[in-house]
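Q: I have a structure here, written as structure tokens, and I will follow up with some questions on it.
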Amino acid sequence: MPPRLAKRARVSGPEPAIVAPDPHEDKHVVFTAWSKQRGVEIKNVKPAKIPGRGLGLVTTAKIKVGARILFVPEKAMFKPDGSVPHASPQAQLAASAMKACTAADSNMGIWKETWPVDSDFQHSLPMRWPHELREHFPVSVMQPLLRQEEDYAKDVGAVQDFLAAGNHTAEDFRYYWSIVNSRSFHFKAKGKIGTMVMCPFIDYINHGPSGTTCDVFQRPNGYEVIADRDYVAGEEILANYGAHNNDKLLVHYGFMIASVANEWSDEEDAGPNDTPNRDDDIRLDHIVLPMLTPTVRAQLQDVGFLRGYALLPATNELCFKTQVAVRAMLLTCNEWEYFVENGEDLAEDQSHAVSHFLLHPFHEHRDYAARAFRTVEDKSDWEEYSSMKNELEMLRMRWLQIITAIECYMDMKPGSTT
Ligand SMILES: C[S@@+](CC[C@H](N)C(=O)[O-])C[C@H]1O[C@@H](n2cnc3c(N)ncnc32)[C@H](O)[C@@H]1O
């Protein structure tokens, strides 16, 4: 759901009259009616509680592959209102949503009622977790987290005057910023500049790994969700938020999916999301970079292969960049250039030499991860950490995924002594 600069304000089209919700009616039923009134087409799905995922959308009848399940026309979308034109697209949308949700003459509150509350973010998003837990974070989680915090600091700085003028606190803004972070879409109408928007009802859909989800299309006049396969009544429909690894899913969205490697080793530890994340990877920069000489670093920098190294649990292989980087340490220039250009070795296959080069640091990292895993697991039993159960479980799960991926890789390699 990548952001783009919004030109100006408002939900397009006439606003439906403000609905006075019946206090006894379920908020999701009220919101469903409100969405339809704004022009959202909803066919054979309804919101429901999904264990471990908050709310999601489930089918209420059989659905055939290729059938349209949802359509959100442009006029139903919520767009930035132009209040903070110089802020980032995310800050613009967050500030506008905050303004609309707190305005007396708006019916956005009906939508807001269906969103998570601030305390949900407090326990799910690492940026909200107690700082004392950070010493137990894998580097691969810390890095996107620091980047996210930089973005947030810039955004909150950019809306200072707007917050003061509307008597809003930075905490209010942070809530809407988190909502937008996990529930917004990019939309570009024909001939218009693209913008970051919120789409009612589609934002109930949970994420599924590539290959397990409905097809979501941005059309010139709206967003459409199409069934990727036949469904029977009562199944959850999912969408793919992007080919994200579990570090990114955790930092950005506050959840993780089983890693493929975990499935191989211990199904009980697969976690609540049972379809493995084939997009997961285990970041290796902190292992590989220190092994490269300055000359090799410069050489890799020139061809755009410095950084971004990873182990891929889905195939139990090193990514191409890692293979290139390690070969730069092992081969002559000619041999290395041949591999970079052709994706195979000039003469003898060097895969074993590459694995051998990494075995010692992989052992060390596996041991480090095992210690971190045990520390996190121990803390789960301590009284003083009783309010951080979810946080510790997420960390425990990620460390386990890292350990398992490395062990699976090393088990396959000759000369490994695990
Ligand atoms: C677009 S919202 C989806 C609706 C959301 N579940 C709710 O209760 O409102 C995205 C958020 O849903 C949750 N989520 C989405 N996919 C998930 C999954 N596969 N497992 C666990 N949580 C998920 C995360 O909290 C994420 O930030």
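The values are calculated or read from the model by the stated rules, or taken from the named source; none is laboratory data. This is a predicted model, so every value here is computed, not measured. For neighbour counting, all protein chains shown are included, and Cβ atoms are generated from backbone atoms with ideal geometry for every residue, glycine included.
Q: Given SER259, SER265, which one is at pLDDT below 95 and either crowded, with 20+ Cβ neighbours inside 10 Å or under 14 Å from the mean Cα position of the chain (by Cα) (or both)?
A: Step by step, each of SER259, SER265 is checked, and only SER259 is at pLDDT below 95 and either crowded, with 20+ Cβ neighbours inside 10 Å or under 14 Å from the mean Cα position of the chain (by Cα) (or both).
This table checks each residue for (1) of a type in the set (A, V, I, L, M); (2) in the same structural domain as PRO130 (by TED's automatic domain parsing); (3) under 26 Å from PHE305 (Cβ atoms).
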residue	(1), (2), (3)
THR322	no, no, yes
ALA353	yes, no, yes
HIS360	no, no, yes
ASP367	no, no, no
ALA370	yes, no, no
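Q: Consider region 28-40. How many of its residues are within 11 Å of the ligand (Cβ to nearest atom) and either free of Cβ contacts under 8 Å to residues at least 60 places away in the same chain or small (Gly, Ala, Ser) (or both)?
A: Adding up the residues that qualify gives 0.
Q: Would you check if THR195 is of a type in the set (S, T, N, Q), closer than 30 Å to VAL225 by Cα and more than 17 Å from the chain's Cα centre (by Cα)? Explain how you work it out, then say what you get.
A: Details: of a type in the set (S, T, N, Q): yes; closer than 30 Å to VAL225 by Cα: yes; more than 17 Å from the chain's Cα centre (by Cα): yes.
Yes.
Q: Can we say SER351 is more than 19 Å from PRO138 (Cα to Cα) and among the polar types (S, T, N, Q)?
A: It is true that SER351 is more than 19 Å from PRO138 (Cα to Cα) and among the polar types (S, T, N, Q).
Q: Let me ask something else about it. With of a type in the set (Val, Ile, Thr), buried (at least 21 other Cβ atoms within 10 Å of the Cβ) and within 14 Å of the ligand (Cβ to nearest atom) as the only criterion, which of VAL84, VAL58, VAL72 stands out?
A: VAL72
Q: State the number of residues belonging to region 144-153 that are touching a helix residue (DSSP H, G or I) at 6+ places or on another chain (Cβ under 8 Å) and farther than 13 Å from ARG174 by Cβ.
A: Qualifying residue count, region 144-153: 2.
Q: Right, next: Within region 151-184, track down each residue that is assigned to a loop (DSSP other than H, G, I, E, B) and at negative phi.
A: Step one: list which residues in region 151-184 are assigned to a loop (DSSP other than H, G, I, E, B), which gives 159, 166-169.
VAL159, GLY166, HIS168, THR169 - these are the residues of region 151-184 that are assigned to a loop (DSSP other than H, G, I, E, B) and at negative phi.
Q: What tally of residues in region 212-240 results from selecting those that are within 13 Å of the ligand (Cβ to nearest atom) and either assigned to a strand (DSSP E or B) or acidic (Asp, Glu) (or both)?
A: Adding up the residues that qualify gives 7.
Q: Moving to a separate point now. What are the residue pairs meeting all of these: first residue in region 41-67, first residue on the phi > 0 side of the Ramachandran plot and of a type in the set (Ser, Thr, Tyr), second residue at pLDDT below 95 and in a strand (DSSP E or B), Cβ atoms under 8 Å, and 6 or more apart or on different chains?
A: Note: no pairs meet the criteria.
Q: Kindly indicate whether THR169 is touching a residue at least 24 places away in the same chain (Cβ under 8 Å), farther than 26 Å from GLU74 by Cα and polar (S, T, N, Q).
A: no
Q: Now, a different point. Tell me which of these PRO209 doesn't satisfy, since it passes every other one: (1) more than 13 Å from the ligand (Cβ to nearest atom); (2) touching a residue at least 12 places away in the same chain (Cβ under 8 Å).
A: The one condition PRO209 does not meet is (1).
Q: So, restricting to helices (runs of 4 or more DSSP H) that lie completely within region 69-150, which ones have at least 3 residues that are in contact (Cβ under 8 Å) with a residue 40 or more places away in the chain and over 30 Å from ARG283 (Cβ atoms)?
A: 89-102
Q: Something else now. Say we look at region 356-384 and pick out the residues that are over 21 Å from ARG398 (Cα atoms) and in contact (Cβ under 8 Å) with a residue 60 or more places away in the chain; which of these is surrounded by the most Cβ atoms within 10 Å (Cβ to Cβ)?
A: LEU358
Q: Under the condition of being touching a strand residue (DSSP E or B) at 6+ places or on another chain (Cβ under 9 Å) and near the ligand (Cβ under 10 Å from one of its atoms), which residue from region 241-254 is nearest to PHE185 (Cα to Cα)? Give the derivation first.
A: Step one: filter region 241-254 for residues touching a strand residue (DSSP E or B) at 6+ places or on another chain (Cβ under 9 Å), giving 241-242, 244-247, 249, 253.
Filter once more, so that each one left must be near the ligand (Cβ under 10 Å from one of its atoms): 241, 249, 253.
Values: TYR241: 10, LEU249: 16, TYR253: 14 Å.
Out of the qualifying residues, it is TYR241.
Q: Turning to a different aspect of this structure: Could you list all residues from region 47-91 that are of a type in the set (Lys, Arg) and closer than 25 Å to SER178 by Cβ?
A: Quick first cut of region 47-91, residues of a type in the set (Lys, Arg) only: 49, 53, 62, 64, 68, 75, 79.
Across region 47-91, the qualifying residues are LYS49, ARG53, LYS79.
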